[in-house]
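To keep things clear, I will list the structure first and then write my remarks on it.
Every number here is computed from the coordinates shown, using simple stated rules; none is lab data. Here the structure is a predicted model, which is why all the values come from computation and not from measurement. Here the Cβ positions follow ideal geometry from the backbone for every residue, glycine too, while neighbour counts run over all protein chains shown.
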Amino acid sequence: DGGITQSPKYLFRKEGQNVTLSCEQNLNHDAMYWYRQDPGQGLRLIYYSQIVNDFQKGDIAEGYSVSREKKESFPLTVTSAQKNPTAFYLCASSWWNTEAFFGQGTRLTVV
Amino acid sequence: GIQVEQSPPDLILQEGANSTLRCNFSDSVNNLQWFHQNPWGQLINLFYIPSGTKQNGRLSATTVATERYSLLYISSSQTTDSGVYFCAALNQAGTALIFGKGTTLSVSS
């Protein structure tokens, strides 16, 4: 089936550890996005990529890094520099300037 | 950048009631979407509606781009309609969706 797959669904991180969240899409979309959602809040943009090998910072990029080596994949690394990483992370993709679709999300908890 | 505001923040209804959710945006947009976030957190696409009116069953949406607002109508609400409804507008650069803070809808039987 076509869609966006995020993994894992749940992730636990120890203090000072880097973790990577996976996002894969088979919709042949050019653009991909990462959002963060805190309890009771809307979604805030972390990074976005409109084309392979290119990505841009969103509103809250500090403490995060991404890569876009393949059109289908846009992994997000939460580094130890992110002081409050516990949140729900959502990945999305779209054709340029059209309807966006979201994955099922990854819940990250610091332990 | 573009600002997106949703109202009301919370809405409590009896099953069978109708409701209207509003989304205001601060600048012209090329793209506006409505989503329903289910209890597991997944965002379900409801409407892609940069302008005009669309209907899908008991739900309909209208965007008046020149006046910078969009409305989501829910008729004959059901308990399964409960959850958070988000609107999101594409920023002027056309690079990413900017979300409102959502409307939390609770429908009781």
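Between B:ASN24, B:ASN45, B:ASN91, find the one with the highest GNM mean-square fluctuation for chain B; connect C-alpha pairs within less than 10 Å.
Greatest mean-square fluctuation among the candidates belongs to B:ASN45.
Is there a quick way to get the dipole size of segment B:8-93? I mean about its Cα centre, with the Cβ of Lys and Arg at +1 and of Asp and Glu at -1; what is the value in debye to the nearest 20? Write down the numbers at each step before the final one.
Numbers: 4 positive and 5 negative charges, 33 e Å.
Using only the charged Cβ atoms, the result is roughly 160 debye.
Say each of A:ASN18 and B:ARG58 gets a label point 7 Å from the Cα, pointing the same way as Cα to Cβ; how far apart are those two points in nm?
4.9
Given the options A:GLY42, A:GLY63, A:GLY16, which has the most mean-square fluctuation in a GNM of chain A, springs set between C-alpha atoms less than 10 angstrom apart?
Result: A:GLY42 has the largest fluctuation of those listed.
Would you mind checking segment A:4-30 for residues with the amide N under 20 Å from a putative spin-label position 7 Å along Cα→C-beta of A:GLU62?
A:15-19
With charges set only on the Cβ (+1 for Lys and Arg, -1 for Asp and Glu), what does the dipole of segment A:6-111 come to about its Cα centre, in debye to the nearest 20? Numbers along the way, then the final one.
Numbers: 11 positive and 10 negative charges, 68 e Å.
That gives segment A:6-111 a dipole magnitude of about 320 debye.
Can you spot the lysines whose alpha carbon is less than 23 Å from A:LYS57's alpha carbon? Ignore those fewer than 8 places along the same chain.
Candidates past the 8-residue exclusion: A:LYS70, A:LYS71, A:LYS83, B:LYS101.
Name the residue from A:ASN26, A:GLN82, A:TRP96 whose Cα lies farthest towards the positive end of the charge dipole of the protein assembly as shown, charges +1 on Cβ of Lys and Arg and -1 on Cβ of Asp and Glu.
Projecting each Cα onto the dipole axis, the largest value belongs to A:GLN82.
Taking every DSSP beta bridge that has both residues in chain B, what percent is antiparallel when rounded to the nearest 5? Each step should come with its number before you reach the end.
Values: 38 of 43 bridges.
Among the beta bridges of chain B, antiparallel pairing accounts for roughly 90 percent.
Which value, in debye to the nearest 20, gives the size of the charge dipole of the protein assembly as shown about its Cα centre, when Lys and Arg are +1 and Asp and Glu are -1 at the Cβ?
300
Suppose a student asked you for the relative contact order of chain B, using Cα pairs under 8 Å spaced at least 6 residues apart; what percent would you report? Walk me through the intermediate numbers first.
Working: 280 pairs, mean separation 41.0, N = 109.
Result for chain B is 38 percent.
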